[in-house]
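Worksheet: one structure, shown below.
The values are calculated or read from the model by the stated rules, or taken from the named source; none is laboratory data. These numbers were taken from a predicted model, which means no experiment stands behind them. Backbone-built Cβ (ideal geometry, glycine too); neighbour counts: all protein chains shown. Calculation scope for accessible area: heavy atoms of the full protein, side chains included, ligands and nucleic acids excluded. Shrake-Rupley method; radii C 1.70, N 1.55, O 1.52, S 1.80 Å.
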Amino acid sequence: MAFRFQRRIRLAPGVRLNLSKRGLGLSVGPRGASLSMGPGGAHGHAGLPGTGLAFRRKLSGAGGRGGTPGTAATPGGAAALEGLLAEGGSLSVQLEVESQSGQVSYFHADGTPMSDVEARVLRRYAEGSLREQLQAHCERLNADLDRLGRLHEETPAPSSIGYVMRDFPEPPPAPFQPLPPVWWHPLWPPAGRRQEEENARLRSEFDERYRAWEWRKAEHDAEEFARYQREGERVWHDPDAMEETLRERLEEIDWPRETQIDFDLGSDLHAIAVDIDLPGEGEMPDRYWGTPPKQLRLSPRRLSTTRQRELYRDHVHGIAFRVLGAVFARLPAVQEARISGYRQVTDPATGGERDQYLYSVKVTREQWGRIHFDRLDQVDPVAAMEVFSLRRDMTKTGIFRDIEPFKLV
């Protein structure tokens, strides 16, 4: 059923819904004080913000009261931790949330797991900060899930052809400031010479940093100008420029998983056929998350089967919508696009995997221009595909049957 393509784009995932990522970090206590734990024991840190002045004090040693590295309990470390938090100190920690149960594990900033005793101390003194971080993480996860069904809302209008060059984001090094002369240097010439040598060294280091910055800026500006020329001129007639432009634009989209897109340009470059490797229903998230009022954890709430199918239906159609948007906004020579989406399913006759095409749509640039891109929040991607020439066999509940895709003649 699949047909041959000349080019393939492999897109890395953008939206990440894996709860097991250790990505929650927070600091408890006033700015300027902290505590770190590791194989070397516990150390307290304090400083004056903005001054660069700080001190570090060892609170417990490895093998002593702080416990041996790798043991399950560190009473000395827990006591030091409690003492610091009780006095209003701060603590940097990392949280890991289990992807199925929502249970939270606690780690020190250096990745060392906290003992149960330390975790209890942390929860007692920092419940508010922990709950705030977990609630924010929960909201991000739910927003990512909801976004799967609204992927089409970020589609560019077909009139947004061309490329706007971006400024180099890195500021230049701060201007060189020589060390000021000291009044007594004329009385002691060797000291004056040492300062002149130090100023010469600092000037040389500044010049080197500035030259390196200029090289990075020149490379950035050259790349931006090349992209500007490619998307403004070459993209009208050069297949390689069209491929690179389409790849870059598709890579800027947040995809929920690694996605493969195969495409073939017509001989006159006025038509394009695209095959999209869609996720399977089992790859979609199946739960929302909440934070129980009396527990420091995330609580899963499973989506109904109907809601899961609706989310999947909206998502796979939204992918087609986004790809169509990239094609018509970035490839001005293309006047017709044929987008087909397939997924891998188990063949009951053989037990092996096969491609099942869910939809295939044929859209002209003139038809695509009728969409109100300033009101995409009111557009249903499923209904939008039905306005065009569409091959799809889908029930009202979102169950798909095999179809034969359009081919590029």
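What to note about this one:
- When restricted to residues that are open to solvent by 30 Å² or more (accessible area, probe 1.4 Å), in contact with a strand residue (DSSP E or B) (Cβ under 8 Å, 6 or more places away or on another chain) and within 17 Å of ARG10 (Cβ to Cβ), the range 232-253 contains 3.
- GLN229 being within 30 Å of the chain's Cα centre (by Cα) and part of a helix (DSSP H, G or I): yes
- Test result for TYR106, among the aromatic types (Phe, Trp, Tyr), over 30 Å from LEU250 (Cα atoms), touching a helix residue (DSSP H, G or I) at 6+ places or on another chain (Cβ under 7 Å) and at pLDDT 85 or above: yes
- Restricting the first member to the range 127-139 and to residues that are within 16 Å of SER105 (Cα to Cα), and the second to residues that are crowded, with 17+ Cβ neighbours inside 10 Å and at pLDDT below 85, the beta-carbon pairs closer than 6 Å and six or more apart or on different chains are SER129/LEU26; SER129/VAL28; GLN133/LEU24; GLN133/LEU26; HIS137/LEU24.
- Any hit, the range 393-404, residues being open to solvent by 50 Å² or more (accessible area, probe 1.4 Å) and within 15 Å of VAL274 (Cα to Cα): yes
- Residue that is modelled with the highest pLDDT, among those in the range 69-86 that are in a helix (DSSP H, G or I) and among the aliphatic types (A, V, I, L, M): ALA79
- All positions within the range 355-378 that are more than 13 Å from ALA320 (Cβ to Cβ), in contact (Cβ under 8 Å) with a residue 60 or more places away in the chain and either among the basic types (Lys, Arg) or open to solvent by less than 80 Å² (accessible area, probe 1.4 Å) (or both): ASP355, ARG365, GLY369, PHE373, LEU376
- Selection of the range 250-286 for residues being at pLDDT 90 or above and farther than 24 Å from LEU358 by Cβ yields only HIS270.
- Matching residues, the range 379-392, being closer than 25 Å to THR259 by Cα, open to solvent by 50 Å² or more (accessible area, probe 1.4 Å) and not in a strand (DSSP E or B): ASP380, GLU386
- Residues of the range 170-212 that turn out to be loosely packed, with under 12 Cβ neighbours inside 10 Å, more than 37 Å from the chain's Cα centre (by Cα), not hydroxyl-bearing (Ser, Thr, Tyr) and not in a loop (DSSP other than H, G, I, E, B), as a count: 8
- GLU154 meets the stated requirement of being in contact (Cβ under 8 Å) with a residue 12 or more places away in the chain and within 21 Å of the chain's Cα centre (by Cα).
- Residue, nearest to ILE261 (Cα to Cα), within the range 298-342, restricted to residues that are open to solvent by 40 Å² or more (accessible area, probe 1.4 Å) and either without any contact (Cβ under 8 Å) to a residue 24 or more places away in the chain or assigned to a loop (DSSP other than H, G, I, E, B) (or both): GLN335
- Every residue from the range 150-169 that is open to solvent by less than 70 Å² (accessible area, probe 1.4 Å) and in a loop (DSSP other than H, G, I, E, B): THR155, PRO156, ALA157, PRO158, SER160, GLY162, TYR163, PHE168
- Where a residue in the range 278-295 is polar (S, T, N, Q) and its partner, wherever it lies, is in a loop (DSSP other than H, G, I, E, B), with Cβ under 7 Å and at least six apart: THR291/LEU298
- Which numbered condition GLU258 fails, given (1) touching a helix residue (DSSP H, G or I) at 6+ places or on another chain (Cβ under 9 Å); (2) more than 13 Å from ALA320 (Cβ to Cβ): (1)
- Selection from the range 118-143 of residues that are open to solvent by 40 Å² or more (accessible area, probe 1.4 Å) and of a type in the set (D, E, K, R): ARG120, ARG123, ARG124, GLU127, ARG131, GLU132, GLU139, ARG140
- Selection status of VAL345, open to solvent by less than 50 Å² (accessible area, probe 1.4 Å) and modelled with pLDDT of 95 or more: no
- Of the residues making up the range 87-94, at least one is modelled with pLDDT of 80 or more and either buried (at least 16 other Cβ atoms within 10 Å of the Cβ) or assigned to a loop (DSSP other than H, G, I, E, B) (or both).
- Taking the criterion of being modelled with pLDDT of 90 or more and of a type in the set (A, V, I, L, M, F, W, C), the residues of the range 152-190 that qualify are ALA157, MET165, PHE168, ALA174, PHE176, LEU179.
- Residue within the range 355-378 that is of a type in the set (A, V, I, L, M, F, W, C), at pLDDT below 95 and part of a loop (DSSP other than H, G, I, E, B) present: no
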